[in-house]
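One structure below.
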Amino acid sequence: MHTTHHLLTRKKFRVLAAGAATSALLSVALTPPALAATATDTQALRDAVSAGAIVDHLEQLQAIAEANDGNRTAGSSGHEASAEYIESQLRAAGYTPQRQYFDYVKFNLTGEAFERLTPTPRTYTADEFAAMSYSGFGDVSGTVTAVDINLSGDRASTSGCEAADFAGFTAGNIALIQRGTCPFNTKAVNAQAAGASAVIIFNQGDADDRLDRVDGTLGAPTAGNPEVTIPTVGTSFAVGEELAGLPGATARVMVSGDTEPIKTFNVLADTTGRTDRTVLVGAHLDSVAEGPGINDNGSGSATILETALQFSKLGITPENRVRFAWWSGEEDGLIGSDYYVAQLSKADLKNHALNLNFDMVASPNPVRFVYDGDGKQLGTAGPNGSAQIEKTFLDYFASQGLATEPTEFDGRSDYFGFIENGIPAGGLFTGAEEIKTAEQAAVYGGTAGVAYDPCYHQACDDIDNINTAVLEQMADAVAHATLTFAMTQSAVNGTANGKGGKLSMEFRGSKAVR
């Protein structure tokens with residue numbers, strides 16, 4: 001989704017902070033709770049879904065990337081060939097896969113620069129700033145003007161959220177805006193309307209995870225998301241504080257690139273079963289342009305493919321329809337999954353019992369993360385029924401004597417559109433570019449002080465970038481949860497009775513939106 005020189009991208013999913021809280025949770029996770037008798041025997045499917053077969057699929061995706069400019073990005077020949085491989089496997093197993101086509105505008109960044117011109121020239125590094133996706137293009141120099149910022153106390157900020165914040169703003173100046181409260185798009189559009197020539201949005205500075213460079217998106221232009229036509233970059237709290245403390249400072253902001261129309265598609269395949277209790281099992285098939293995307297997210301795509309194949313081979317007749325989905329456009333902002341949900345009528349929404357999402361399940365330095373469906377650990381609960389999904393995974397891992405940790409619903413993967421529309425969701429994750437702690441290494445093995453996936457969004461995310469031991473564990477959990485919900489005769493308390501969505505998501509894919 002972003003260029004490889006962006007070294008300080010935020011994690012793909014927010015995970016529980018290291019320290020005493022983590023240690024306490026790990027000790028609890030290592031003690032299996034008393035489990036009720038399993039309603040559905042999933043052993044045969046778990047035995048059939050093997051890491052070896054999944055790796056075979058991953059080798060095919062690797063070969064496809066190598067034959068197609070090194071990637072499988074949405075709209076490319078690599079994605080087309082990946083989909084054809086998935087479809088051929090499904091047809092051979094008796095499925096009738098369908099393509100769901102959609103269009104969107106892709107943002108392509110070709111260059112960026114950010115420097116202080118006066119006083120004392122300083123060129124900011126890639127560690128300190130990044131162009132926001134869907135920024136306007138241009139090369140602008142001007143006086144930096146702070147807009148309603150708060151650098152003291154709790155640093156609570158509504159900077160740039162209201163047009164009134166720009167009262168007296170000098171047209172042609174560069175707006176310096178603090179993160180907080182409203183979407184980046186709102187801040188940039190208000191600055192644009194006030195005559196700003198460029199926008200610098202710096203991190204809020206109110207928490208440890210709001211100090212580093214902002215790696216954000218303004219979002220593709222839509223009826224509800226106005227186009228930003230001026231160059232816009234995100235930077236760290238320290239840089240913002242520095243500029244704010246230099247009255248009359250001048251700066252240069254440059255963003256170059258283009259946008260292009262993309263036509264792509266999701267791949268969908270259904271089992272038999274009750275259509276009013278559809279179990280949607282999804283993973284994104286597209287990679288970033290920088291590499292083949294074998295862990296991100298070939299691992300999830302190949303795992304649900306093998307689950308579907310073995311589901312058919314074993315002759316399982318599910319109580320509820322399972323719809324396997326391979327999303328496109330995830331790396332550009334969850335485009336495919338959002339499109340899918342947007343096409344559902346109110347009745348269709350109610351007929352979706354739940355969404356299981358699997359995005360990165362073979363990280364080389366892994367932790368076993370489970371989405372915090374009830375929100376008790378990390379504060380953001382999914383729609384009613386999400387807690388039941390979380391418990392299904394936690395009970396399974398506990399029965400195997402395997403520790404887990406929670407990961408937050410914050411908008412970083414394809415569950416976004418489902419939980420925003422009141423559909424319960426859950427899933428698994430083994431880690432992206434965040435750093436493994438010593439406490440985690442003691443529990444899960446691997447190397448402390450190193451990223452869960454050091455090749456996240458890079459060319460080295462290839463067939464050598466997977467951990468087959470954790471892949472086997474996660475694949476078994478995928479098979480278990482898929483079959484458990486496919487066979488349940490109890491409705492999951494979702495859209496028919498549960499709370500609707502509009503949760504406060506901070507991210508869309510790997511980019512922050514607010």
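The values are calculated or read from the model by the stated rules, or taken from the named source; none is laboratory data. Since this is a predicted model, take the numbers as computed values, not measurements. Ideal geometry is used to build each Cβ from the backbone, glycine not excepted, and the neighbour counts take in all protein chains shown.
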Select, from Thr278, Thr259, the only residue that is part of a strand (DSSP E or B), of a type in the set (Val, Ile, Thr), touching a residue at least 60 places away in the same chain (Cβ under 8 Å) and within 28 Å of Ala131 (Cα to Cα).
Thr259
Restricting the range 196-226 to residues that are under 17 Å from Phe507 (Cα atoms), of a type in the set (A, V, I, L, M) and surrounded by fewer than 24 Cβ atoms within 10 Å (Cβ to Cβ), the residue that is modelled with the highest pLDDT
Leu211
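Is it the case, given these coordinates, that Phe409 is assigned to a helix (DSSP H, G or I) and either closer than 30 Å to Val341 by Cα or among the charged types (D, E, K, R) (or both)? Give the derivation first.
On the way: assigned to a helix (DSSP H, G or I): no; either closer than 30 Å to Val341 by Cα or among the charged types (D, E, K, R) (or both): yes.
So Phe409 does not fit the description; no.
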Has the range 215-232 got at least one residue that is touching a strand residue (DSSP E or B) at 6+ places or on another chain (Cβ under 6 Å) and charged (D, E, K, R)?
yes
When Thr145 is evaluated against the numbered criteria (1) more than 29 Å from Gly509 (Cα to Cα); (2) assigned to a loop (DSSP other than H, G, I, E, B), which criterion, by number, is the only one it fails?
(2)
Kindly establish whether Lys376 is of a type in the set (Lys, Arg), part of a loop (DSSP other than H, G, I, E, B) and either touching a Pro at 6+ places or on another chain (Cβ under 7 Å) or over 22 Å from Ile435 (Cα atoms) (or both).
yes
Which condition from (1) in contact with a helix residue (DSSP H, G or I) (Cβ under 7 Å, 6 or more places away or on another chain); (2) modelled with pLDDT of 95 or more is the one that Gly234 breaks?
(1)
Residues satisfying the stated conditions in the range 218-237, i.e. β-branched (Val, Ile, Thr) and either assigned to a loop (DSSP other than H, G, I, E, B) or on the phi > 0 side of the Ramachandran plot (or both):
Val228, Thr229, Ile230
For the list (1) assigned to a strand (DSSP E or B); (2) in the same structural domain as His457 (by TED's automatic domain parsing), I need the number of the one condition that Arg252 fails.
(2)
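Tell me whether the range 108-115 contains one or more residues that are small (Gly, Ala, Ser) and outside any strand (DSSP E or B).
no
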